[in-house]
Amino acid sequence: MAVEPKIAPSMLSSDFANLASEAERMIQLGADWLHMDIMDGHFVPNLTIGTPVIESLRKHTKAYLDCHLMVTNPLDYVEPLAKAGASGFTFHVEVTKEYWQQLVNQIKTKGMRPGVALKPGTPIEEVYPLVEGENPVEMVLVMTVEPGFGGQKFMPETMDKVRTLRKKYPTLDIEVDGGLGPSTIDLAASAGANCIVAGSSVFGAKEPGEVISILRKSVADAQLNS
Ligand code: DX5
Ligand code: ZN
């Protein structure tokens, strides 16, 4: 069975002053998930949203909030984010090597879906134990730019990692994040990605709904041809 396409606009590119209506607009236009970039100014040189914003947004939407934690201490965020109404909790492998098992356990106990992310320079082998363990993560996020900012250029060399993962794990949710849009989606989709994060290409478009459809169609077509 093929994994489902999930299109997740990155709210980092939305108008933060109108977050609730931006979220609603994306869902109306066909988005499956809302990607929420949580940064701490340490793991990445940028500071974005935190738990209070997730809590506020949750009051306005039932949508799946796909939280991507670019923070050095994700364990500290499990309880508050669960309370705030996060759906997915994706942490970075680079900072959790010593305690990912405990982290995954807590994420699941709190009713969220665990995912692991890796930066472009991190070898793919580092996530294998997290996918194959007794208590595995349910998604791998392959960063296709250096984490920290929206609007960067897609790095095609990261596609080797996606291909390797898809070959090894046919039913795993594989997410790509950074520089995805109509001109790069085919590369990611044919490599085997099924969860697509897109910020500037969606929010910067005249017709964001069309971009969402293009992304979805590319994933569906690639699955038919694989
Ligand atoms: C970057 C974030 C991304 C970002 C993607 O660190 O993880 O989610 O918002 O933005 P675009 O699609 O503009 O590259
Ligand atoms: Zn992200």
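The values are calculated or read from the model by the stated rules, or taken from the named source; none is laboratory data. From a predicted model like this one, the values you see are computed outputs, not experimental measurements. Using ideal geometry, Cβ is built from the backbone for each residue, glycine included, and neighbour counts are taken over all protein chains shown.
What the table below lists for this structure:
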quantity: Single match in Leu224, Leu172, Leu165 (criterion: free of Cβ contacts under 8 Å to residues at least 12 places away in the same chain, more than 16 Å from ligand 1 (Cβ to nearest atom) and not aromatic (Phe, Trp, Tyr)); calculated: Leu224
quantity: Set Gly150, Gly121, Gly133: member being at negative phi and at pLDDT below 95; calculated: Gly133
quantity: Ser87 being under 15 Å from the mean Cα position of the chain (by Cα) and among the small types (Gly, Ala, Ser); calculated: yes
quantity: The stretch 121-145 - residue that is within 16 Å of ligand 2 (Cβ to nearest atom) and touching a residue at least 40 places away in the same chain (Cβ under 8 Å) and, of those, farthest from Glu175 (Cα to Cα); calculated: Thr144
quantity: Near pairs, Cβ below 6 angstrom, 6+ apart or cross-chain, from the stretch 64-90 (more than 14 Å from Met11 (Cβ to Cβ)) to any residue that is part of a strand (DSSP E or B) and away from ligand 1 (no atom under 16 Å from the Cβ); calculated: Phe89/Pro114
quantity: Matching residues, the stretch 142-198, being closer than 19 Å to Gln223 by Cβ and among the basic types (Lys, Arg); calculated: Lys161, Arg163, Arg166, Lys167, Lys168
